[in-house]
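K.L.:
Following this message is one structure expressed as structure tokens.
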Amino acid sequence: MSLFSSSISLRKGVAITDDEFVQLRDFIYEKSGIFVDEKRKYLFESRFRKRLQELSLSSFGDYLKFLKFDSNRKEELVKLFELITTNETSFYRDIKQLDAFQANVLKEVIENIRKQGKSEMHIWSAGCSSGEEPYTLAILLYETLGMEAARWKIRITANDLSMAMIQKARDGLYNEYAMKTTPEQIQKKYFTMETGGWRIKPEVAKMVDFKLLNLNDALALKRVPRSHIVFCRNVIIYFDQDMKKKVINSYYDNLLDGGYLMLGHSESLHKITKAFKPVFYPGTIAYKKE
Amino acid sequence: MTKLRTDEIKTGMILSCDLRSRDGRLLLPCGMELEEKHIQLLDRMGVEEVDVVGPSVELDNGALQDIEDYVRDYFLYSNPDHPAVMELFRIALERTASRVAAGWTLPTVEERRAQTVDHLEDLFLKDMGGPEEIAKNETELESFPDIYFRIREVLDSPNVSADRLATVVSTDVGLSAKLLKLVNSPFYGFPSSIDSISRAIALVGGKELSTLALGISTINYFKDIPPELINMEMFWRHSISCGIFSKLIAEQQEGIQSERLFIAGLLHDVGRLIMFKKLPYASREAMLFARENSIPLYEAEISVIGYSHTAVSEVLLKAWKFPENLSEAIDHHHDPMVRPNPLEPAIVHLADNMANAVGVADGGMYAIPGIEDGAWELLGLSSEFLREILGKHDEQIEQILSAFF
Ligand SMILES: C[S@@+](CC[C@H](N)C(=O)[O-])C[C@H]1O[C@@H](n2cnc3c(N)ncnc32)[C@H](O)[C@@H]1O
């Protein structure tokens with residue numbers, strides 16, 4: 001005997017027609033550069049189900065109209081971005097890459113700044129999700145500069161498309177999952193334990209500026225301060241070739257001479273651009289602007 | 001009655017059959033109520049799974065809702081209006097509910113995420129090695145257990161005799177033991193017990209036996225996968241499940257040798273094992289990507305790594321000179337309908353979906369891959385049929401698992 005009614009169905013909401021799917025996906029692409037494969041049609045259908053119900057809309061056609069013409073369309077776009085982005089991340093993600101980065105790239109960049117008699121650095125974490133990546137970078141800088149850190153002026157600009165993620169990042173409170181690959185002494189040194197989890201210490205938090213930003217917004221990208229280092233990990237995987245080229249070119253323009261771009265473990269600049277010089281390390285490639 | 005892993009056993013549960021050690025000694029009798037000390041004993045003896053009943057939990061509406069949400073999550077990627085997908089959804093629901101009623105706790109979101117393997121390093125960085133490169137030193141023939149090739153040699157020779165075949169097979173004691181266990185399992189359903197390889201060959205046929213030998217040799221080949229990356233027991237359980245379903249589906253089709261489909265199902269994910277070996281970190285990133293995007297691992301591999309496990313098996317099985325029709329069913333179990341002869345790949349395709357659906361109630365990790373347009377129609381089955389073979393599958397799986405491992 002089954003505990004579930006024999007008529008229980010898999011479908012829970014209204015179906016999206018092929019035409020509506022194409023329209024929705026084109027809309028998403030136009031706004032965010034995120035490319036949704038046709039195979040994910042059913043996935044999208046269910047992802048938007050709750051939202052359609054909340055808005056009391058009975059078809060995806062109506063939802064598209066709402067997105068395009070309603071007086072609340074700006075606010076709805078914020079919601080849409082939260083629905084379509086996935087935000088998997090953690091502190092010290094890809095330790096092998098970060099080790100190579102700290103021992104080589106970061107060291108070289110710091111040396112060069114010193115040689116110029118300066119002590120200022122700017123890092124850009126593009127697609128920072130809930131903040132684990134830029135905070136990790138701030139910690140790496142503390143660890144590398146040691147006593148000197150206090151004298152340096154370090155800014156980390158961290159951006160994401162999802163407002164919910166930006167808020168979570170600013171809040172700075174994390175669970176065990178976020179910490180899973182963080183070395184213990186780092187966790188003790190840079191976090192304080194609270195009832196809700198681990199909170200990043202204010203001296204680390206203050207190095208990072210979190211801001212909502214759409215990588216598809218060319219003008220907004222131009223306003224980001226010039227960087228010594230750009231981290232954009234596990235973000236371009238969601239873009240199509242055109243959009244990949246656009247954002248990578250804007251990182252190139254943003255980087256100072258001698259600066260570096262770091263990508264995610266499963267990303268490369270293969271077929272995107274030859275402008276950077278790839279520098280190979282065990283477990284990672286750093287892309288240098290010469 | 002439910003099978004639970006030893007770490008899922010709680011005090012108060014009751015053994016639903018005699019529990020014996022590997023050498024047949026009675027450890028705990030059927031009907032025993034398990035106390036803490038018994039659980040510790042199981043742990044010490046390295047017992048992995050136990051059949052238990054209750055203390056059965058009443059499932060209230062809240063619990064049923066949780067189960068529904070949990071199961072639904074695996075099906076988000078597939079067509080919700082497809083009759084077979086719908087049936088698989090119901091099957092997964094019922095199986096999950098009965099396990100929960102018997103004391104199983106649904107895995108949390110965190111538990112369902114891939115393990116961290118930060119200490120493992122990939123041999124290739126992205127775009128620096130395709131399927132050929134990563135399959136490379138695996139494809140050097142001498143690395144593959146050569147018993148299979150010796151069996152093939154006998155079969156291909158003009159004066160093939162059952163005796164000669166039996167002699168060759170018998171030189172590999174481990175292989176012979178496994179083959180005998182398998183032909184004596186309900187999988188074959190022979191009325192009396194078979195105690196020699198020559199008798200097995202007479203009953204099963206030389207070709208079939210060599211296909212089985214190939215399957216067993218391949219499994220033996222993959223013993224050194226990092227256990228922290230994937231649960232190998234879950235991996236093979238899924239594989240055997242898929243093998244059994246493939247065979248049962250194949251029996252409905254005309255003119256297909258169903259044992260071959262068993263082996264095709266059994267080995268359908270071998271490419272993945274090579275990926276685990278060569279690209280542990282990227283494989284784990286693909287798992288994360290699959291989970292966070294609710295997509296099947298196959299799709300995630302293509303996005304993250306750039307090619308899928310079937311692209312790898314294609315290279316591997318070709319180099320190992322696997323029989324072509326066997327490789328075809330393995331290499332195309334994700335895209336059967338693009339093939340000139342889609343029937344056999346389509347069988348493994350459906351079987352893989354079924355094995356995944358059954359795996360939901362075992363805490364499986366990934367979305368159901370979904371059924372390609374046309375594949376279900378090609379097979380001409382009914383959704384009732386899926387339920388029928390489910391029972392047969394359940395009768396066979398444990399014994400086949402124990403025959404292989
Ligand atoms: C998988 S997370 C990666 C987080 C982090 N960089 C890491 O590697 O752990 C991808 C992030 O990219 C963001 N993203 C996707 N498209 C974006 C866009 N057009 N503009 C800004 N951020 C975007 C998503 O919101 C998401 O938080």
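Nothing in this text is a laboratory measurement; each read-out follows from the coordinates by a stated rule. None of these values were measured; they are calculated from a predicted model. Every residue, glycine among them, receives a Cβ derived from its backbone with ideal geometry; neighbour counts consider all protein chains shown.
K.L.:
Do the sum for chain A: with -39,500 (n - 2.57) for every DSSP H run of n ≥ 4, divided by all residues, what is the mean residue ellipticity at 222 nm, to the nearest 500 deg cm²/dmol? Show your work: numbers first, answer last.
P.N.:
Details: 14 runs with 122 residues, N = 290.
Result for chain A, helices only: -11500 deg cm²/dmol.
K.L.:
Taking the alpha-carbon centroid of each part, what is the distance from segment A:1-69 to segment B:159-181 in angstrom?
P.N.:
57 Å
K.L.:
Using all Cα-Cα distances in the protein assembly as shown, what percent lands in each 10 angstrom bin from 0 up to the longest?
P.N.:
3, 13, 21, 24, 19, 12, 6, 2, 0
K.L.:
Here is a follow-up. Could you put A:85, B:6 in order, starting from the residue whose Cβ has the fewest other Cβ atoms within 10 Å?
P.N.:
Numbers: A:85 18, B:6 15.
Ascending Cβ contact count within 10 Å gives the list B:6, A:85.
K.L.:
Which of A:287, A:251 comes first, and how do the rest follow, when ranked by fewest Cβ neighbours within 10 Å?
P.N.:
Details: A:287 23, A:251 26.
Placing the least packed residue first, the sequence is A:287, A:251.
K.L.:
What spacing in nm lies between the two simple spin-label points modelled at residue A:15 and residue B:105, each 7 Å away from Cα in the Cβ direction?
P.N.:
Each label point lies 7 Å from its Cα, and together they span 4.1 nm.
K.L.:
Provide, in order from the shortest bin, the percent of all Cα-Cα pairs of segment A:2-86 in each 5 Å bin, continuing until the bin that contains the maximum pair distance.
P.N.:
That works out to 3, 13, 25, 25, 17, 7, 4, 3, 2, 0, in percent per bin.
K.L.:
Okay, moving on. What does the structure give for A:3-10 when I average, per residue, the other chain Cβ atoms found within 10 Å of the residue Cβ?
P.N.:
Working: counts 10, 9, 1, 1, 1, 5, 5, 16.
The per-residue average across the peptide is 6.
K.L.:
Just how many % of Cα pairs in segment A:95-288 lie over 28 Å apart, if you round to the nearest whole percent? Numbers along the way, then the final one.
P.N.:
Numbers: 4217 of 18721 pairs.
Counting every Cα pair in segment A:95-288, those more than 28 Å apart make up 23 percent.
K.L.:
Considering only DSSP beta bridges whose two residues both sit in chain A, what percent are antiparallel, to the nearest 5? Walk me through the numbers on the way to the answer.
P.N.:
Values: 15 of 35 bridges.
Taking every DSSP beta bridge with both residues in chain A, the antiparallel ones total about 45 percent.
K.L.:
Excluding residues on the same chain fewer than 8 positions from residue A:118, give the lysines whose Cα lies under 21 Å from its Cα.
P.N.:
A:107, A:153, A:206, A:288, A:289
K.L.:
Could you name the aspartates and glutamates whose alpha carbon sits less than 14 Å from that of residue A:168, not counting residues in the same chain fewer than 8 places away?
P.N.:
Output for residue A:168: A:82, A:88, A:132, A:133, A:160, A:209.
K.L.:
Please report the net charge: other residues with Cβ closer than 9 Å to the Cβ of residue A:166, K and R +1, D and E -1.
P.N.:
Details: positive: A:168, A:170, A:211; negative: A:160.
Result for the local shell: +2.
K.L.:
In what sequence do B:199, A:11 fall when counting other Cβ within 10 Å, fewest first?
P.N.:
On the way: B:199 17, A:11 14.
Exposure proxy ranking, most exposed first: A:11, B:199.
K.L.:
Below 30 Å, Cα to Cα, which lysines can residue B:10 reach? Residues fewer than 8 away in the same chain don't count.
P.N.:
The qualifying lysines are A:180, B:37, B:392.
K.L.:
Would you give the gap between the C-alpha center of segment B:58-131 and the C-alpha center of segment B:283-324, rounded to a whole Å?
P.N.:
19 Å
K.L.:
Sum up the lysine pairs in segment A:2-86 that clear both bars: alpha-carbon distance under 25 Å and a spacing of 8 or more or different chains.
P.N.:
Within segment A:2-86, the lysine pair count is 28.
K.L.:
Averaged across the residues of B:286-294, what count of C-beta atoms belonging to other chains lies within 10 Å of each residue's C-beta?
P.N.:
3
K.L.:
What Kirkwood radius, in Å to one decimal, follows from the Cα pairs of segment B:130-235?
P.N.:
Details: mean 1/r = 0.0651 Å⁻¹.
In segment B:130-235 this quantity evaluates to 15.4 Å.
K.L.:
Mean separation of Cα pairs under 8 Å and 6+ residues apart, divided by the residue count of chain B: what relative contact order is that in percent? Intermediate values should be presented prior to the final figure.
P.N.:
Numbers: 585 pairs, mean separation 79.3, N = 405.
Reported as a whole number, the value is 20 percent.
K.L.:
Roughly what % of DSSP beta bridges within the protein assembly as shown run antiparallel, to the nearest 5?
P.N.:
Values: 24 of 44 bridges.
Here the antiparallel bridges make up roughly 55 percent for the protein assembly as shown.
K.L.:
Cut-off 10 angstrom, C-alpha nodes, Gaussian network model of chain B. Which of B:245, B:75, B:235 fluctuates the most?
P.N.:
B:235
K.L.:
Return the single residue from A:241, A:167, A:53 with maximal mean-square fluctuation; model: Gaussian network over chain A, springs between Cα atoms under 10 Å.
P.N.:
A:53
K.L.:
May I ask you to work out the translational diffusion coefficient for segment B:1-54 at 25 °C, viscosity 0.890 mPa s, via Stokes-Einstein with Rh from the Kirkwood sum over Cα pairs, reported in whole µm²/s?
P.N.:
Numbers: Rh = 10.8 Å.
Approximately 228 µm²/s, per Stokes-Einstein.
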